[in-house]
Amino acid sequence: MLGGGIPKGNTVLVSGGPGTGKSTLAMQFLYNGIAKFGEPGMYMSLEERPEDLVRNFSKYGWDLDKVEILSIVPTGKLSSNDLRRGRFTFRIGKGFREGTFSMDLIREIIRDKVQEIGAKRVVLDSISALALHLEDKFILRQEILATVHLLKELGTTSIITTETPEGQGGLSRFGVEEFVVEGVIGVYNIKLGSKRVRGIEILKMRGTKHSQNISLMEITDEGIIVYPEENLFSEG
Ligand SMILES: Nc1ncnc2c1ncn2[C@@H]1O[C@H](COP(=O)(O)OP(=O)(O)O)[C@@H](O)[C@H]1O
Ligand SMILES: [Mg+2]
C-alpha cells in the first residue's frame, strides 16, 4: 500500500478507534525493524506497563528483547496525593524512576534513549492519553507540536498513535496532529451486517505514491496482515 514502506525519517500518525490494532501495528513496526532490518527501536507507552506489553505481544512469537520498551503510568506504589500532584512512575528498561509528569521529561527521556541505543524507529503510544494529563487544549497542541518536532530533529522513522472515539470518522483528537506529521494511516474495525471486519488506509504519506484503497486487514496469531488488493468495500 505504501509502495515500499514508510519513507525514512517520516513521522506517521496511526489513528483509529479502540481495539482497531494501533498498538499492534506500532509494535510490529518496531519488531520488523529489528528482525528484518537490524534497526533498533524504542516504544514509549503512556497507557500500558512494559511487562503487559511484552506479555501481550510475545504471543505473536515476537522476540521483544531488543525493543526498548518504556512507559509512563501511575502505579500502586503512588498515593492518591502523589497522583493528584501529577507524580508518576517512569519505567525505563528494567528500572524505574518517579517524577512529576511533564512532556519535557518525556521528550528528554525519548532523546536520551534514542541517542543511547541508536534508535532508528520510535513509537509514542498514544497521544490521546496526554489529554488525561493536560487539560488546556492550547498547551496540549503546543506539546504535540514540540514532540513531533523532536522526532524530526532526531531523524527517526516514527509512529504516533491516536485513539478516535468509536463510530466517528475524524482522524485526530486535537485538531493539529494530522497536519504536522508526514503521514496518516487510518485503522478501522467496521460492522458489516452481523460481523466486524478490519480495514486500513493510507490517508497521507509524503514521499510516496500510496494506495487509495481501504484494504482488508487481519489480526492473526502472527500479527497484522494486510491484503492491499482486497478492497473493504467493493466498488459500485
Ligand atoms: N491472536 C489474535 N488473533 C486475532 N486478533 C487478536 C489476537 N490478539 C489480539 N487480537 C485483537 O487485537 C485487538 C487489540 O489490538 P490493539 O493493537 O491493542 O488495539 P488498539 O491499540 O487500537 O486499542 C484486540 O481487541 C483483539 O481484537
Ligand atoms: Mg493501544
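Just so you know, all these numbers are worked out from the coordinates, no wet-lab data involved. Since the model is a prediction, treat every value here as computed from it, not as a measurement. Please note: Cβ atoms are built from the backbone with ideal geometry, for glycine as well, and neighbour counts cover all protein chains shown.
A few notes on this one:
- Selected from 201, 178, 108 as most flexible by GNM, with the chain as the system and alpha-carbon contacts under 10 Å: 108
- Of the peptides 14-20, 216-222, the order by per-residue mean of other Cβ atoms within 10 Å, starting with the highest, comes out as 14-20, 216-222.
- Couplings 3J(HN,Hα) of segment 112-125, computed from phi: 4, 5, 4, 5, 4, 9, x, 4, 9, 10, 9, 10, 10, 10 Hz, in residue order, whole Hz [Karplus 6.51 cos²θ - 1.76 cosθ + 1.60, θ = phi - 60°; x for Gly and Pro].
- Cβ-based exposure ranking for 106, 224, in which fewest neighbours within 10 Å come first: 224, 106
- The chain, relative contact order in percent, only Cα pairs under 8 angstrom and at least six apart counted: 29
- DSSP bridge pairs, segment 78-236: antiparallel proportion in percent, nearest 5: 85
- Proximal lysines to residue 36, defined as alpha-carbon separation beneath 20 angstrom and excluding residues fewer than eight positions away on the same chain: 8, 59, 66, 120
- Counting charges near residue 211 (Lys, Arg +1; Asp, Glu -1) among other residues having Cβ under 13 Å from its Cβ returns a value of -1.
- Taking a straight line from the alpha carbon of residue 137, these lysines sit under 24 Å away, with near neighbours fewer than eight places off in the same chain left out: 22, 152.
- Candidate cross-link partners of residue 77 among the lysines, defined by an alpha-carbon separation under 24 Å and a same-chain spacing of 8 or more, comprise 94.
- Reduced Cα scattering model of the chain, Debye log10 I(q)/I(0), q = 0.13 Å⁻¹: -0.79
- Residues with amide H under 5 Å from that of residue 203, placed H, sequence gap 5 or more: 184, 185, 186
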